[in-house]
Amino acid sequence: MRLFVSVDLPDDLADDVASVQERFGEVSGMDPTDPESVHITLKFLGEVSEARLGRVEDAVAAGVDRATVEPFEATFGGLGVFPSLDYINVVWLGLRDGGDDLVTLHEGIEAETTAIGFSPEAHTFTPHVTLGRMRHAGGKERVQELVRETDPAAGSMHVDEIRLTESTLTDDGPEYETVARFPL
């Protein structure tokens, strides 16, 4: 099974995310994510065997405990891209508040999952919601302009749990199913 650790956005934020995505409606080459299924990925684990699932759940629980983060408010806003404005693969919505708690959770989970053999992240963790992915650079200049010149707000949420999520890739896009929940 293909797994990742996430904070899932509540359904009532889907309209806020869609509103931000509308700014990119005419961008050539950008495939928007489904606003109904957006989330903040804290750690992508990849393919995990059923036999290893218990150890993974224990490691994620230990990572949450290690982070000692209490429930908090996360406020979304601002735009960014990965890896850079010169070469855009991903367009994202950032966080105005709550980002430090998400970084702390990521660090705790990263420490515990690498201790059981998962590869550490190759880049610095930036809490975000993916708005879309670029297939080609046709709309690069428009994306650069929007990222530099706009600063949209996109609602807030109460974060009181993280999830271990299974991702199944289909022709219609990924489908997500919660495997386990871990309260803060």
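The values are calculated or read from the model by the stated rules, or taken from the named source; none is laboratory data. If you're wondering where the values come from, they're calculated on a predicted model, not measured in any experiment. For neighbour counting, all protein chains shown are included, and Cβ atoms are generated from backbone atoms with ideal geometry for every residue, glycine included.
Points worth noting:
- The listed residues are Val64, Val69, Val143, Val56, and the only one of them that is touching a residue at least 40 places away in the same chain (Cβ under 8 Å) and assigned to a loop (DSSP other than H, G, I, E, B) turns out to be Val69.
- Taken over region 96-124, the residue count meeting the criterion of being closer than 15 Å to Ser6 by Cβ, touching a residue at least 40 places away in the same chain (Cβ under 8 Å) and either out of contact with any helix residue (DSSP H, G or I) (no Cβ under 6 Å at 6 or more places or on another chain) or not in a helix (DSSP H, G or I) (or both) is 6.
- Among the candidates Ala74, Ala51, Ala67, residue that is crowded, with 17+ Cβ neighbours inside 10 Å and more than 16 Å from the chain's Cα centre (by Cα): Ala67
- Region 153-165: number of residues that are surrounded by fewer than 16 Cβ atoms within 10 Å (Cβ to Cβ) and either modelled with pLDDT of 95 or more or in contact with a Lys or Arg (Cβ under 6 Å, 6 or more places away or on another chain) (or both): 3
- Pairs, first within 10 Å of Gly132 (Cβ to Cβ) in region 18-47, second of a type in the set (A, V, I, L, M, F, W, C) and part of a loop (DSSP other than H, G, I, E, B), C-beta under 9 Å, six or more apart: Met30/Phe24; Pro32/Phe24
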